[in-house]
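Taking it in order: structure first as structure tokens, then the write-up.
The values are calculated or read from the model by the stated rules, or taken from the named source; none is laboratory data. Owing to the predicted nature of the structure, the values given are computational and were not obtained by experimental measurement. Cβ placement follows ideal geometry from the backbone for every residue including glycine, while neighbour counts extend to all protein chains displayed. When the accessible area is computed, the model is the full protein with side chains, heavy atoms only, and any ligands, DNA or RNA have been set aside. Shrake-Rupley method; radii C 1.70, N 1.55, O 1.52, S 1.80 Å.
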Amino acid sequence: NPYTGLVSHLRASWLSGKTRPMEYRVAQLEALGRFLDDKKQEILEATELDMGKPSFEAFFSEILLCKNELNITLNNLCHWMKDEHVDKNLVMQLDSAFIRKDPYGVVLIIAPWNYPIHLFLVPLIGAIAAGNCAIIKPSEISKNTERLVAETLSCYLDNDCFAVVTGGVPETTRLLENKFDYIFFTGSSPVGRIVMTAAAKHLTPVTLELGGKNPCYVSDTCDVTNVARRVVWGRFFNAGQTCIAPDYLLCTVEMQEKLMPALREAITEFFGPNPRESPDFGRIVSDKQFRRIRALLGSGRVAIGGQTDEAERYIAPTVLADVLPSDPAMQEEIFGPILPIVVIANMDEAIDFINARPQPLVVYAFSCDSKVVNQVLERTSSGGFCGNDTLMHVTLTSLPFGGIGNSGLGKYHGKFTFDTFSHHRGCLHRNMGLETLNTPRYPPYTQQKLGLLTTTFEVKRRGTCTLL
């Protein structure tokens, strides 16, 4: 296997204890900060070449949010690394019981193409913070960003502990044959199954950040203009190539009629009368993805947009009306600038529609009535939830980000990333003396000893409380 030597080299570095001291972790994290600062312009240029990503969107998603994660980690690492002392029973009051946050060892981070810096860097920040060595596999589809990462990241990080591996499916397949101590994968559900199968051969724990069809319910009681602006921004950010974008709208036929002019007005306000000429609207990443997305335009009827240009990999911001659940656009995650609207009779029907399908990465709900938003929250299941906006929940490092069921396994962002890449090791350090306290547990057993044991070890239930 071509990667055995590399994995072995990193494992030897990890076993040496090099990555464990806080000073080392801080130095590597600060080096990542310099990478973002020094290569800012090159990152903006590479993402523009790969998918026409507007510099505003690229700076926000690939640089600013990454710097936030980095600074949150540096600000709190000393606290996160500390042993966490826990409650003890009567017998062990003079002993030490704590949770130690150990690194796993050598971890593998496989990143996708849609946010090619953010989605390898944020996991890497947590992996370094937790004291691991790491191999990073950027996506070969965003080839300009892949080249940038492969050629420059090694200039900032310790090459004995961190490495970048490039290539496509064959290379990733061979890489996955090696034993890793943790695998963090972001991508599609079908590939996630392949990664999990490979990990199972070595009993390697995984985090799978997958996708799904994120529903967006719009109630009849809402500010239509605000809904339209927030949905248009979230759906067409990065030309729709976002795993947490609202994938389809659920609303009544009356709300569909109200929304249509508001959506059209928001698209024109954001991207002008011809979005193809807008510097703020991106392109599809590859010919294969372009053809797949274009084929979905036959669903329902094109109410807004629908124009395409294969040479530019351009698909206009498009809204499809009267889409049926059986239409092609409702059979797969769209991952492009198309927004289907599915008509439902009421909120109950919308909730039933959501619950009849695999659990999505996020559920969105819009309403001026907070009771409606809370009903959707309480009666559905998803990786995350956002009421009265789109995408914005992902900007809070205080919230865990991750899927459930088909949309993923595990969570990260902020301290959650540190915890993901840390083994929480339960530790008890007892006093060598005071042997009399241990006598009740030793044979020969008697009823008196059992009574003493019960008194010292029993956990009693407290009085009940009512959630307000």
(request) Read phi for every residue in region 59-69 and hand back ³J(HN,Hα) as whole Hz from Karplus 6.51 cos²θ - 1.76 cosθ + 1.60, θ = phi - 60°, with x for Gly and Pro. (result) 5, 4, 8, 9, 10, 4, 5, 5, 5, 4, 4
(request) Determine the dipole magnitude for region 3-83: charges of +1 sit on the beta-carbon of Lys and Arg, -1 on that of Asp and Glu, nothing else is charged, the reference point is the Cα centre, and the result goes in debye to the nearest 20. (result) 520 debye
(message) Need one number: % antiparallel among DSSP beta bridges in region 215-381, to the nearest 5.
(response) 30 percent
(request) Please work out the Cα center distance from region 75-100 to region 270-326, rounded to the nearest Å. (result) 54 Å
(message) Let me spell out the model: positive unit charges on the Cβ of Lys and Arg, negative unit charges on the Cβ of Asp and Glu, origin at the Cα centre of the chain. What dipole size does that give, in debye rounded to 20?
(response) 1640 debye
(request) Compare the peptides 201-211, 13-23 by average per-residue count of other Cβ atoms within 10 angstrom and give them in order, highest first. (result) 201-211, 13-23
(request) May I ask you to derive the relative contact order of region 165-226, considering only C-alpha pairs under 8 Å and at least 6 residues apart, and to give it as an integer percent? (result) 33 percent
(request) On the protein heavy atoms, probe 1.4 angstrom, tell me the percent of accessible surface of the chain carried by carbon and sulfur. (result) 55 percent
(request) Report the relative contact order of region 215-381, percent, no decimals, based on alpha-carbon pairs under 8 angstrom and at least 6 residues apart. (result) 32 percent
(request) Using just the helices of the chain, give the 222 nm mean residue ellipticity in deg cm²/dmol: DSSP H runs with n ≥ 4 each add -39,500 (n - 2.57), and the total is spread over all residues, rounded to 500. (result) -11500 deg cm²/dmol
(message) I'd like the Karplus ³J(HN,Hα) series for region 34-44: coefficients 6.51, -1.76, 1.60, θ = phi - 60°, whole numbers in Hz, and an x wherever there's a Gly or Pro.
(response) 5, 4, 5, 5, 5, 9, 3, 5, 5, 5, 4
(request) Collect residues whose amide H, placed 1.01 Å from N in the peptide plane, falls under 5 Å from the amide H of Ala303; neighbours closer than 5 in sequence don't count. (result) Val319, Leu320, Ala321
(request) Holding the Cα-Cα limit at 18 Å, pick out from Lys213/Lys258; Lys18/Lys101; Lys67/Lys415; Lys258/Lys371; Lys143/Lys288; Lys82/Lys411 the pairs that are longer than that. (result) Lys213/Lys258; Lys258/Lys371; Lys82/Lys411
(request) Give the cross-link partners of Lys460 among the lysines, using a straight C-alpha distance below 26 Å as the criterion and excluding same-chain residues fewer than 8 apart. (result) Lys88, Lys449
(message) Going Cα to Cα from Lys179, which lysines come in below 17 Å? Please leave out same-chain ones fewer than 8 positions away.
(response) Lys137, Lys201
(request) Leaving out ligands and nucleic acids, note down the accessible area per residue over the chain with a 1.4 angstrom probe, in whole Å². (result) 46 Å²
(request) Considering only DSSP beta bridges where both residues belong to the chain, give the percentage that are antiparallel (nearest 5). (result) 35 percent
(message) I need the peptides 64-71, 103-110, 409-416 ranked by packing, meaning the mean over residues of other C-beta atoms within 10 angstrom, with the highest value on top.
(response) 103-110, 409-416, 64-71
(request) Can you tell me the alpha carbon radius of gyration of region 224-273 divided by the globular rule-of-thumb value 2.2 N^0.38 Å? (result) 1.12
(message) List the residues, sorted by chain then number, that are 5 or more residues from Gly384 or on another chain and whose placed amide H is less than 5 Å from its amide H.
(response) Val362, Val363
(request) Taking the Cβ of Tyr364 as the centre, find all other residues whose Cβ is under 10 Å away and add up their charges (Lys, Arg: +1; Asp, Glu: -1). (result) -1
(message) Which residue, Cys222, Met347, Ser286, has the largest displacement toward the positive end of the dipole of region 215-381 when charges sit on each Cβ (Lys, Arg +1; Asp, Glu -1)?
(response) Ser286
(message) Sorting check: for 112-120, 229-237, which peptide has the highest mean count of neighbouring beta carbons within 10 Å, and how do the rest follow?
(response) 112-120, 229-237
(request) Rounded to whole Hz and in sequence order, give me ³J(HN,Hα) for region 268-283 from the Karplus expression 6.51 cos²θ - 1.76 cosθ + 1.60, θ = phi - 60°, writing x for Gly and Pro. (result) 5, 4, 7, 10, x, x, 10, x, 4, 8, 6, x, 9, 10, x, 10
